[in-house]
Amino acid sequence: MNRNLLLTGLLGTSMIFSAALAQEQVIEIQSAADWKNAKIAKDLENGEAEAARGALISKKSFKINPAKTYRISGEFKSTEGPSLVYLGFLVRDDQKRQMSPSNVNIVANTQTEVLEPVSATDTQIKIKDGSKWKVTNYQRIVLGAKEDFSDLPNFGMLNVIVKEVKQDGDAYVVTLAKAIGKAIEAGTPIRLHSAGGGYLYTGGSRKVTDKWTPFSGTITGNTKHGWNPKVWPPNADHAEILVLTDWGGKNSNTMTQYRNIKVEEVEKK
């Protein structure tokens, strides 16, 4: 065999192999049955499908390796008017608990400790330092907070609004909008978190019409704290594909069509 032809063939094979390594499929939605709530979705022809308004979550999940880069992508269009679509991930920790922004969105400089025991019926907490605490409807107290953020994701949130923060000598008294609902020991470390739910919308969000619209985004690494669609939250362990279709829509006849929804491992650029 001609030596140049042999080298050319080997080079071509190597390039194909390298391309395969550069893009490895992790999850692909192949039919409506791949969703947990498949009842709102229906298969069409040519690999396409459609869904009524709602949240689609994949039955399959994948183990997150923060050292790798993942790309989520898909194509969407709608019938009967525009549809607001979100594409991303539902994220879980190593205990399979669903993570949300409130578990990791710390409020800076609010770490402190409880000075006196608190009963479940109390509406006030005496804390060591509340100088950086603000009164807002969108922040909540979490228990078991650690200075190095190793408690994240923190699921010890008290779903009670802080009504007032007032200095009392060397301490601060926090008044709540209602009874705290849980006994707390003196010395318990606490901090404020920004409350709120949601998912990681790595693939983006936008309104789609009757033309196929591509969605795509990548994610890698871990944040120390906070919620960023391009970086996994701290101690995220598994992820599932999440699609919100016709979110907030008012026309019950609107259907969101989709195709080519998948997650791939890709090389970092």
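The table that follows gives values for the structure above.
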read-out	value
Failed item, numbered, when residue 121 is tested on (1) within 22 Å of residue 236 (Cα to Cα); (2) surrounded by fewer than 19 Cβ atoms within 10 Å (Cβ to Cβ)	(1)
Scan of the stretch 83-131 for residues that are assigned to a loop (DSSP other than H, G, I, E, B), in contact with a Lys or Arg (Cβ under 8 Å, 6 or more places away or on another chain) and either at pLDDT below 95 or hydroxyl-bearing (Ser, Thr, Tyr) (or both), ordered by number	110, 123
Odd one out for residue 77 among (1) buried (at least 18 other Cβ atoms within 10 Å of the Cβ); (2) under 27 Å from residue 233 (Cβ atoms)	(2)
Unique match (being closer than 26 Å to residue 243 by Cα, part of a strand (DSSP E or B) and at pLDDT 95 or above) among 215, 155	215
Given (1) at pLDDT below 90; (2) in contact with a helix residue (DSSP H, G or I) (Cβ under 6 Å, 6 or more places away or on another chain); (3) of a type outside the set (D, E, K, R), index of the condition residue 9 fails	(2)
Single residue of the stretch 222-269 satisfying the filter (small (Gly, Ala, Ser) and in a loop (DSSP other than H, G, I, E, B)) that is surrounded by the fewest Cβ atoms within 10 Å (Cβ to Cβ)	248
Cβ pairs under 7 Å, 6+ apart, first in the stretch 249-269 and on the phi > 0 side of the Ramachandran plot, second among the charged types (D, E, K, R)	260/75
Test set (1) exposed (fewer than 14 other Cβ atoms within 10 Å of the Cβ); (2) under 30 Å from residue 212 (Cα atoms) - residue 134 fails condition number	(2)
Residue list for the stretch 27-52, filter: of a type outside the set (S, T, N, Q), within 23 Å of the chain's Cα centre (by Cα) and in a loop (DSSP other than H, G, I, E, B)	29, 36, 52
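The values are calculated or read from the model by the stated rules, or taken from the named source; none is laboratory data. Predicted model only: the values in this text are computed from it and were never measured. Quick reminder, even Gly has a Cβ in these numbers, built from the backbone with ideal geometry, and neighbours come from all protein chains shown.
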